[in-house]
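Report on the structure given below.
The values are calculated or read from the model by the stated rules, or taken from the named source; none is laboratory data. Everything quoted here is computed from the prediction, not taken from an experiment. Note that we place each Cβ from the backbone using ideal geometry, even for glycine, and neighbour counts take in every protein chain shown. The protein model used for the area step is the full one, side chains on, heavy atoms only, and it has no ligands, DNA or RNA in it. Shrake-Rupley method; radii C 1.70, N 1.55, O 1.52, S 1.80 Å.
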Amino acid sequence: MNQKQPCQSIDDYIDDLLDPNDQTAFEAHLSSCEPCREELEIATSLDSLVQEAWAGIAAPREIRNKLPQTPKRDSKIHNQESHVSFRVSALVAAATIVLALGLMVLHMTQPNEVTQRLDSQPVKRDEPTQQRKRLLPTAPYEQVRVESESAIVETVQTGRTGFTLIHVFPSRKFPAED
Amino acid sequence: MEIDYEHYSDGLFRFALSLSRDPHVAEDLLQDCLLKAHRARNQLNQRSSTKAWLFQIMFNLWRDQARQKQQKHRPEIQSIDDQFEVYSREPSPVEKVMANETSRQIFLWMQSLPDQQRTVLFLSVVEQLNHQQIADMLGTSRDSVKSTLSQARKQLRKKIKAAKQSNP
């Protein structure tokens, strides 16, 4: 490395743009180059010199005296605003509850796809129970079965909607389950 | 949103002076800026920096004004030198001896830099805004800000070095 090249790379050194090898070489060069050391000294003190130069500048007093004041919130207006805000929040909450209830009722009164299929199919007395069971909902459900001499009553209540299916079969023709 | 205008007024005035290089224009800019900020204070997002928001308003005002006037008239640097003393805070005795002449000289050198270099140097070094904030304000990239800042520092170093050599 000759004397001229490192001096030219002082700007890159100051801006931290040199790769590690060149940086090490430049730092070694600094010990023997007075002009570079001087420039580096100027560079390191430059920011503080600039800050000092501007620190003495202040806004004119007459403008400082006329600075806009953020008005203190009038308590009456503030209370009115709070009251309006509370009423809006309450209305939104009430509307949400009504909407949720409406959706729940609508969902419960309309049979789902599975129950529609079950209802639309006429009960075939000879149809095996297993075949019909495939149409039952997959969601958790409770099944209650009561057998008497004349009939079998089967209720299925799905856990998701609470909708109850009731099937009545003549006991004598109902095939026994395994 | 409440804004402590008192807290930002000196910085905004300095920025106005850096942009316009004319103390009278800077005064008008400061008043316009504070008025505009006060009217629009509800637009200030709580997550954004109040300082950056105020400085953006100041920069936009200056840019609009400069476009309108086409910057036909440029004040002489010497007139700023005169005003430098008018707007300077009362210095301490030590500052009077040590810093005043150097500060005045640095101030003048900086004010003689090209607009972009001067503005970036001011915002970065004096107001301590980060590169991204400056890039957002000036509508440029971070790399451009870094490059401009480097050029500005280099220019100032040259002037200081030249002055040292002529007055060892």
Of all residues in region B:32-67, which are within 14 Å of another protein chain (Cβ to nearest Cβ) and either in a loop (DSSP other than H, G, I, E, B) or open to solvent by 50 Å² or more (accessible area, probe 1.4 Å) (or both)? B:Asp32, B:Leu35, B:Lys36, B:Arg39, B:Ala40, B:Arg41, B:Asn42, B:Leu44
Looking only at region A:31-65, which residues are in a helix (DSSP H, G or I), facing chain B (nearest Cβ under 7 Å) and either touching a Pro at 6+ places or on another chain (Cβ under 6 Å) or of a type in the set (A, V, I, L, M) (or both)? A:Ile42, A:Ala43, A:Leu46, A:Leu49, A:Val50, A:Ala53, A:Ile63
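Any idea which residue in region B:3-17 is nearest to the chain's Cα centre (by Cα), counting only those that are open to solvent by 20 Å² or more (accessible area, probe 1.4 Å) and within 7 Å of chain A (Cβ to nearest Cβ)?
Of all residues in region B:3-17, those open to solvent by 20 Å² or more (accessible area, probe 1.4 Å) come to B:4, B:6-8, B:14.
Okay, now just the ones that are also within 7 Å of chain A (Cβ to nearest Cβ), so B:6, B:14.
Details: B:Glu6: 17, B:Arg14: 5 Å.
Out of the qualifying residues, it is B:Arg14.
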Taking region B:152-168 as the search range and keeping residues that are in contact with a helix residue (DSSP H, G or I) (Cβ under 6 Å, 6 or more places away or on another chain) and more than 9 Å from every other protein chain (Cβ to nearest Cβ), which one is most open to solvent (accessible area, probe 1.4 Å)? B:Lys159
Conditions first: (1) open to solvent by 40 Å² or more (accessible area, probe 1.4 Å); (2) modelled with pLDDT of 80 or more; (3) of a type in the set (Gly, Ala, Ser). B:Ser92 passes all but one, so which condition is the exception? (2)
Is it the case that region B:13-35 has a residue that's within 15 Å of A:Arg61 (Cα to Cα) and aromatic (Phe, Trp, Tyr)? yes
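Here's a check for you: in region A:12-22, which residue that is open to solvent by 60 Å² or more (accessible area, probe 1.4 Å) and not aliphatic (A, V, I, L, M) is farthest from the other protein chains (Cβ to nearest Cβ)? If you could, list the steps in order and put the result at the bottom.
Of region A:12-22, the ones open to solvent by 60 Å² or more (accessible area, probe 1.4 Å) are A:12, A:16-17, A:19-22.
Still in the running and not aliphatic (A, V, I, L, M): A:12, A:16, A:19-22.
Numbers: A:Asp12: 9, A:Asp16: 10, A:Asp19: 17, A:Pro20: 20, A:Asn21: 21, A:Asp22: 17 Å.
The qualifying residue farthest from the other protein chains (Cβ to nearest Cβ) is A:Asn21.
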